[in-house]
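Readers should treat all values here as calculations from the given coordinates under stated rules, not as data from a laboratory. Quantities reported herein were computed from a predicted structural model and do not represent experimental measurements. Note: ideal-geometry Cβ built from the backbone for every residue, glycine included; neighbour counts use all protein chains shown.
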Amino acid sequence: MAGLGISDKTIFMKLLINFLVGYFLLAALACSPKLQTTAEVIVYPAPPEKARIQYLTSFSTSQDVEGNKSGFGKFVAGEEAPKPIIKPYGVAIQGDKIYLCDLDLEGLEIMDMKARSFEYFVPKGLGQLKLPINCFVDSLGYLFVADAKRQQVVIYNENHEYVTAIGADENFKPTDVFVKNNKIWIADVTNGSIDVYKNDSTYQFLYSIPEEKQGEGKLYQPTNLFITGDKVYVSDFGEFKIKIYDHKGKYLNSIGSYGKSLGQFVRPKGIAVDREDKLYVVDAAFENVQIFNKEGQLLMFFGGSYKGPGDMWLPAKVAISYDHLENFQEYVDDRYILQYIILVTNNFGPDKVNVYGYVEEKAIANK
């Protein structure tokens, strides 16, 4: 500034200070996650029906989770390009973390909603993945990944270090995995079975279900699983039904049938069950999620072919979490109380992971 006079220097410094204040203010706003206004509230079913589910937000890149990097960091070093969620399929929630199986990444995206962090998990060596379809994380933090191309369920410890793999049979094709009651349940689409292993250091094979190899209880193409305290829910893609068994493999009943009417399925995929035994079923053809009560009656559906936020684009998996609701509380409209979180993955489109909340109106919840 050798060529500037005193007054010029003063003006220059004021301009510089104003620029920096404005810059860092905008940067601070950009760092915060995307928030919704009242005008943008999307609920299901649509008014005037009583709202049960609110669309909260979506994630498609690391920036949606982390926000932008700090203003000073960008000012000095330049802005780092966001990491995209490429083609998500399976999703699991454990604590504050969301795990996404990404078909094109040959690995997973791991999002920590409390720490606001996003990372790619692409293991090498013995733990290398080829086509990770679905995953599960148990209470110890162990990660189980069903890899259809590798034809194994690959297991990693809480530090994401390779432990072992189950499978390696050319006639074995795992499409989902679930851990419950100290057992590992694996959907094998090739053999039309659910294979059960011991969840300890031996990973010993125990038995396969269902008992029936013919008739109503037969599984044709089991693709997705959900295990409750006493039931096994299986999405049978080959017969367009959700089939229900006890833990020993006895067939109990089924929900749905082939067709394009409400309560029917064309491409049933991911499933989840809440604490009231309400069953959530993703249908990739309808591009929505249908909800059934424990008697198998259709209660409602949400989503629909993509036109904007809240809609779906080739959805694959649904997951439910009652934990750490504070991570999403900022998105909940003031009229509602959040009961639990619902995640739905989309293979395509601008919104790769949709986040919904099962809600109750405050006036009702306070009665």
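Remarks
- Extension gain, Lys248 to Phe348, is 32.3 nm, computed as 0.36 nm per intervening residue step minus the present C-alpha separation.
- Extension gain (nm, one decimal) between Gln214 and Glu161, 0.36 nm per residue minus Cα-Cα: 15.0 nm
- Exceedance of the 20 Å cut-off in Cα-Cα distance is limited, within the set Lys180/Lys218; Lys130/Lys218; Lys307/Lys352; Lys241/Lys269; Lys97/Lys241, to Lys180/Lys218; Lys130/Lys218; Lys97/Lys241.
- Residue separation of Glu330 and Gln221 scaled by 0.36 nm, minus their Cα-Cα distance, works out to 35.2 nm of gained length.
- FRET efficiency estimate (nearest 0.05) - Cβ-Cβ, Ser257 to Ser305, R0 30 angstrom: 0.85
- Normalised by the number of residues in segment 134-284, the average gap of Cα pairs under 8 Å and 6 or more apart makes the relative contact order 13 percent.
- For segment 200-341: relative contact order, % (alpha-carbon pairs under 8 angstrom, 6 or more apart): 14 percent
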